[in-house]
Amino acid sequence: MQAVSSTLSGNIRVIVIDNPPVNATSQAVRAGLMQAVEQAAGDDDTHAIVIACAGATFVAGADIKEFGKPPLDPHLSEVIHAIESSAKPVVAAIHGSALGGGLELALGCHYRVVDGKARLGLPESTLGIIPGAGGIPRLLRLAGVDKALDMAAGGKPIGAAEALEAGVADALTQEDVRAAALAFAQRLLAEGGAARRTRELPAPGCESQVFEAARAKFQASHRGQLAPQACVDVAERSVASGFEDSVAYGRERFRELVTSPQAQALRHAFFAERVATKPAGLSADEVVPIRKAGVVGAGTMGTGIAMCFLNAGIPVVLVEQNETVLASSVETVGKTYRNDVAKGRIAEAMQRTRCDALTPTLRYESLHDCDIVVEAVFEDMGVKQQVLASIEENLRPDALIATNTSFLDIDALAAGLRRPENVVGMHFFSPAHIMKLLENVRGARSSPRALATIQALGKRLGKVAVMVGVSDGFVGNRMLARRTRECYFMLEEGALPEQVDRVLCEFGFPMGQFQLNDLAGLDVAWRNRQSRLDRLSEREVACNILDEIVAAGRHGQKTGAGFYTYDAQRKRSVDPAISELIVRNAERRGIARRAISDEEILERCLYAMINEGALILEEGVASRPEDIDTIWLNGYGFPRFRGGPMFHADRIGAARICERIRHYASQAGEQYWTPAPLLLAQARDGGAFYAR
Ligand code: T1G
């Protein structure tokens, strides 16, 4: 199979790129395009050129697997230059995604015809790099500096309609895009239209303050990241010193970034997510269709989960025992969709369709024709067991039952049921209709059919679904619990919440431990603590700062006060009363507080997590380090430009981590700090979580 082929249709040459799965511009594609364009230039029968793609999408970018390897000729920017230089008009026919080098290629064409569902973007900065083939200087000539920066530095793609409005596309079609591009080219020839080179268009005039403002904006939204700032530099250069110079400058910056630690980590994150969402040993043939779903429990989680299904076009039966709770859940769903309409996110007809697809009920019997039911009731073994039994009683024997527990043992939950093979976990994160992560849990008796189905369902719901095993807190919460414990210990030893949170934020987390606690609700954390007091160590039980804060009526953001105080706009400020409470708590318990360095805070937070991650891998609760990294990147705000906890662990090195764990063991005891055997083995053999 040839990566690039070309045929003559009348007097128009149609060049087709065919390089599955996403038509990436690998070397064969670049060389093929170069040759096809040269051939078209010398061919008298060719009067215009259409560049189109086979398969599900236009070109989705450079081949990310080639990054970091020696570049092979021809460079994409040379290919694009040759296309743009063509004396014969060139029209791009875009369907699916035109991303990165794909959009750059399209921008080098003289005209662009887009399919109504197409997406166009320059996501390079999300990979730690910048468009390397003239994407920014060309895009700002067509769409202006602001739009170009939103797309390149912000990494935000646009849809077909927006592309047309912004001048990035010249025509939009709901029909076959290749045929539409051919018709466009024919019309162009008939009207005497000629090549229109993007690089020859004037750059928009722009004051330097615009770029300063953009730098500040992306500093705030993409804290600590180099690539968005480099995009702004390239845009400024494009406006200040012309096309050729800025393309050369862009290539130089690209080369510098592509081997940077941030780019390596972001590339890792991209591929880790694709590995993690495809667990081994599941067959697509086993997947059963989900036409209707049930949700039991209409609290915050249940309501969010119901919306996940509705958003994916799956009708929902929502069962709740309390009429008031049910009514309030329906009200929340309605309000959310009305708000989506007001913000232009969905059309009014869609709002109605989604609301109509929700059947609220007090009766379990209404679940009878559901293909899957997700249980989202109170986190208590007895309550959940009872609810699961009632669900099973009212369900078709082949229908699946998922529990949304965040800590409980799925095998114990399924034990009393008649068909435990139908039981799985689907651990959604709050707010369920927004958070990307889904931990799908494999019970000891869950059938391959059930597991394959919830993985496929996760994708359909637009989630990043990772399969995990049964364990207290599964993967994400189990690791978080270790970090949380250290954070509380550090409060009693000498740190304050604002110091711990600042260190975590400087590392790149969107919020620190105590901000997170305030957001999730301290009453929730307190109840969770009470329910497991019998499993806590003496020191953990004695470490009662949370108890005191909750007893003071401070339940977090929702009550305007927790570890911090919040104003009506939820703006956070440090509260001296909390510092005092923490200091007095230590005094009372005879703990001599000391200054704790930022370095110690970061180490204790990260190494506690990494060590637990290593145990989780050894136990097989997570099958691969990619699973853990993906969970932390998508559910817990681990900074993407650091690749995830296990990738980051490799950067630090197992020997160093083990050495520091031993150091902390000497202070706090091995009960809290014992290196995982896997880390010890890595330290001994020079191993790592990822092959190097
Ligand atoms: N390179 C290599 N492989 C890629 C790839 C790419 N650019 N994009 C996708 N794949 C693989 C992916 O690993 C998976 O493989 C399969 O394709 C299907 O992907 C010069 C420097 C296009 C929207 O950042 O956003 O251009 O796991 O599961 O949900 O300036 O893939 O099956 O073996 O994601 O339908 C910029 C990245 C590159 C686009 C399709 N481009 N891709 O989503 O399928 S930098 C991107 C995507 C650049 C220039 C620069 C999505 C998609 P496998 P998938 P999907």
Got a sec? Charge dipole of the chain, +1 on Cβ for Lys and Arg, -1 for Asp and Glu; which of G556, A456, G686 is way out at the positive end?
-> G556
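According to the square roots a ≥ b ≥ c of the eigenvalues of the Cα gyration tensor, what is the shape class of the stretch 285-389, taking rounded for a/c under 1.5, prolate for a/b larger than b/c otherwise, and oblate for the remainder?
Cα axes put the stretch 285-389 in the oblate bin.
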Whole number in Å², please: accessible area per residue of the stretch 140-191, 1.4 Å probe, ligands, DNA and RNA not counted.
-> 45
Mind checking the dipole of the stretch 17-86: about its Cα centre, +1 per Lys or Arg Cβ, -1 per Asp or Glu Cβ, Debye to the nearest 20?
-> 400
Report, in whole Å, the centroid distance computed from the Cα atoms of the stretch 209-232 and the stretch 327-399.
-> 42
If contacts are Cα pairs under 8 angstrom and at least 6 residues apart, what is the relative contact order of the chain in percent?
-> 9
Gyration tensor verdict on the stretch 1-81 (Cα atoms; rounded if a/c is under 1.5, prolate if a/b is larger than b/c, oblate otherwise) = oblate
The stretch 294-341: relative contact order in percent, alpha carbon pairs under 8 Å with at least 6 residues between = 41
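May I ask for the Rg/Rh ratio of the stretch 565-655, computed from Cα atoms with Rh as the Kirkwood radius, given to two decimals? Provide the component values of the computation, followed by the final result.
On the way: Rg = 18.0 Å, Rh = 16.2 Å.
With Rg and the Kirkwood Rh in hand, the quotient comes to 1.11.
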Counting every Cα pair in the chain, what percent are over 49 Å apart?
-> 22
Taking only protein heavy atoms into account and a 1.4 Å probe, give the accessible area per residue of the stretch 513-609 in Å².
-> 51
Just reorder D356, D245 by solvent-accessible area, largest first, 1.4 Å probe, all chains present.
-> D356, D245
Would you mind working out the magnitude of the charge dipole of the stretch 201-360 relative to its Cα centre, with +1 at each Lys and Arg C-beta and -1 at each Asp and Glu C-beta, to the nearest 20 Debye?
-> 140
Starting from the Cα of D18, step 7 Å along the direction of its Cβ; do the same at I434; then give the gap between the two resulting points in nm.
-> 4.6
Accessible surface ranking that places the most exposed of E538, E599, E84 first, with a 1.4 angstrom probe | E538, E599, E84
Rounded accessible area of I549 (nearest 10 Å², 1.4 Å probe) = 0
Carbon-plus-sulfur fraction of the accessible area of the chain, 1.4 Å probe, in percent?
-> 53
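To check you understand DSSP bridge types, tell me what percent of the beta bridges within the chain (both residues inside) are antiparallel, rounded to 5.
About 30 percent, rounded to the nearest 5.
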Quote the accessible area belonging to S328 in square angstrom, nearest 10, computed with a 1.4 Å probe and with ligands, DNA and RNA left uncounted.
-> 70
Which whole-number percent of Cα pairs in the stretch 92-223 have a distance greater than 20 Å?
-> 45
Which of Q351, S390, G416 sits closest to the plus end of the dipole of the stretch 336-416, meaning its Cα is farthest towards the positive end, when Lys and Arg get +1 and Asp and Glu get -1 on the C-beta?
-> Q351
Average Cα contact separation per residue, the stretch 279-411, under 8 Å, 6 or more apart, as relative contact order % = 28
Could you state the accessible area per residue of the stretch 229-305 in Å², with a 1.4 Å probe and every protein chain left in place?
-> 43
Given L188, L172, C109, which one lies farthest toward the positive end of the charge dipole of the stretch 104-194, if we put +1 on the Cβ of every Lys and Arg and -1 on the Cβ of every Asp and Glu?
-> C109
Just reorder T353, T332 by solvent-accessible area, largest first, 1.4 Å probe, all chains present.
-> T353, T332
Measuring from its Cα centre, the chain shows a charge dipole (+1 at each Lys and Arg Cβ, -1 at each Asp and Glu Cβ) which, in debye to the nearest 20, is 220
Listed residue pairs exceeding 20 Å between alpha carbons, taken from K278/K463; K156/K217; K292/K459; K335/K463; K217/K463 = K335/K463; K217/K463
In Å², nearest 10: area of E619 left accessible to a 1.4 Å probe = 110
Mean-position separation - Cα centroids, the stretch 605-673 and the stretch 108-172, in angstrom | 38
Under 1.5 on a/c is rounded, so check that first for the stretch 488-560, then, if it is not, pick prolate when a/b is larger than b/c and oblate when it is not; a ≥ b ≥ c are the square roots of the alpha carbon gyration tensor eigenvalues.
-> oblate
Would you calculate, for the chain, the mean residue ellipticity at 222 nm contributed by helices, counting each DSSP H stretch of 4 or more residues as -39,500 (n - 2.57) and dividing by all residues, to the nearest 500?
-> -15500 deg cm²/dmol
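Please give the per residue volume of the convex hull enclosing the alpha carbon atoms of the stretch 228-269, rounded to a whole number of Å³.
Values: hull volume 2.4 nm³, N = 42.
Measuring per residue, one finds 58 Å³ for the Cα hull of the stretch 228-269.
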Taking N as the number of residues in the stretch 62-124, what is its alpha-carbon radius of gyration divided by 2.2 N^0.38 Å?
-> 1.20
In degrees rounded to 10, the 0-90 angle between helix 27-42 Cα long axis and the longest Cα principal axis of the chain is 20
Give me Rg over Rh for the stretch 29-143, both radii from the alpha carbons and Rh done the Kirkwood way, two decimal places.
-> 0.95
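The values are calculated or read from the model by the stated rules, or taken from the named source; none is laboratory data. Please read all numbers here as calculations on a predicted model, not as lab measurements. Here Cβ is always computed from backbone atoms with ideal geometry, including for glycine, and neighbour counts include all displayed protein chains. Side chains are part of the model used for accessible areas, which takes the heavy atoms of the whole protein and leaves out ligands, DNA and RNA. Shrake-Rupley method; radii C 1.70, N 1.55, O 1.52, S 1.80 Å.
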